[in-house]
Amino acid sequence: MNSQQTVSIVMIEDDLGHARLIEKNIRRAGISNDINHFTDGTTALEYLFDDPSGPAHGGPALVLLDLNLPDMSGTSILEKIKQDDELHRTPVVVLTTTDDTVEIQRCYDLGCNVYITKPVNYESFADAIRQLGLFLSVIQVPSADDQ
């Protein structure tokens, strides 16, 4: 096992404007990791669990998860990741417009690592993502085979 294996970023975000903003500001923070972008939960789950290059088979990942998706709730994706034997250690950062306390607590109860509320203001959002980029540059992410 190569401990320097590159962490891929799996972004599950249906708003293309938000997705571009997130990617741009992650790049601005100096993060060059691959970003795999999905606009719905179904294809994201197929990638996470079944794709040979996905996290269950192909190395460590970090998930950026929007809760409001067209086909399923982000919390159900979070639940599936955290209940899976291969993926339960995968860090999940929830990025959403929902600042409802009950929803935030539910995400932490399900195992999310960080919960970020998307500010409506562009600059605040860009700043939050830049800070996320700095966070991504220093965290250590376990691989599925580090059992």
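Residues Tyr47, Tyr108 ordered from highest to lowest accessible area at a 1.4 Å probe: Tyr108, Tyr47.
Label points 7 Å out from Cα along the Cβ direction at Asp51 and Met72: separation in nm? Reported label-point gap for Asp51 and Met72 is 1.5 nm.
For Val114, the accessible area of its heavy atoms, probed at 1.4 Å with every protein chain present, is near 40 square angstrom. Roughly what % of DSSP beta bridges within the stretch 3-146 run antiparallel, to the nearest 5? DSSP beta bridges in the stretch 3-146 are roughly 5 percent antiparallel.
Select from Leu78, Leu21, Val92 the residue farthest towards the positive end of the dipole of the stretch 3-146; place +1 on Cβ of Lys and Arg, -1 on Cβ of Asp and Glu, and compute about the Cα centre. Positive-most Cα among the choices belongs to Leu21.
Out of every Cα-Cα pair that the stretch 3-146 contains, those further apart than 18 angstrom amount to 52 percent. Working note: Karplus 6.51/-1.76/1.60 with θ = phi - 60° gives the stretch 40-53 the couplings 8, x, 4, 5, 5, 5, 4, 5, 4, 9, 10, 5, x, 9 Hz, where Gly and Pro are set to x. Once backbone amide H atoms are built at 1.01 Å from N, Leu64 has Val10, Met11, Ile12, Val93 as its partners under 5 Å, excluding neighbours fewer than 5 places away on the same chain. Scanning residues 5 or more positions from Met72 or on other chains, those with amide H under 5 Å from its amide H are Gly41, with H placed 1.01 Å from N in the peptide plane. A simple spin-label model places the labels of Ile35 and Glu123 2.2 nm from each other, with each point 7 Å out along Cα-to-Cβ. Judged by the mean number of other Cβ atoms found within 10 Å, the most tightly packed of the peptides 16-22, 116-122 leads the ranking 16-22, 116-122. For the set Asp100, Asp51, Asp66, solvent exposure ranked by accessible area (probe 1.4 Å, protein chains only) runs largest to smallest as Asp100, Asp51, Asp66.
With the whole protein complex present, His37 retains an accessible surface near 70 Å², based on a 1.4 Å probe.
The values are calculated or read from the model by the stated rules, or taken from the named source; none is laboratory data. From a predicted model like this one, the values you see are computed outputs, not experimental measurements. Here the Cβ is made from the backbone with ideal geometry for all residues, glycine too, and neighbour counts use every protein chain on show. Ligands, DNA and RNA are excluded from the accessible area calculation, which covers all protein heavy atoms including side chains. Shrake-Rupley method; radii C 1.70, N 1.55, O 1.52, S 1.80 Å.
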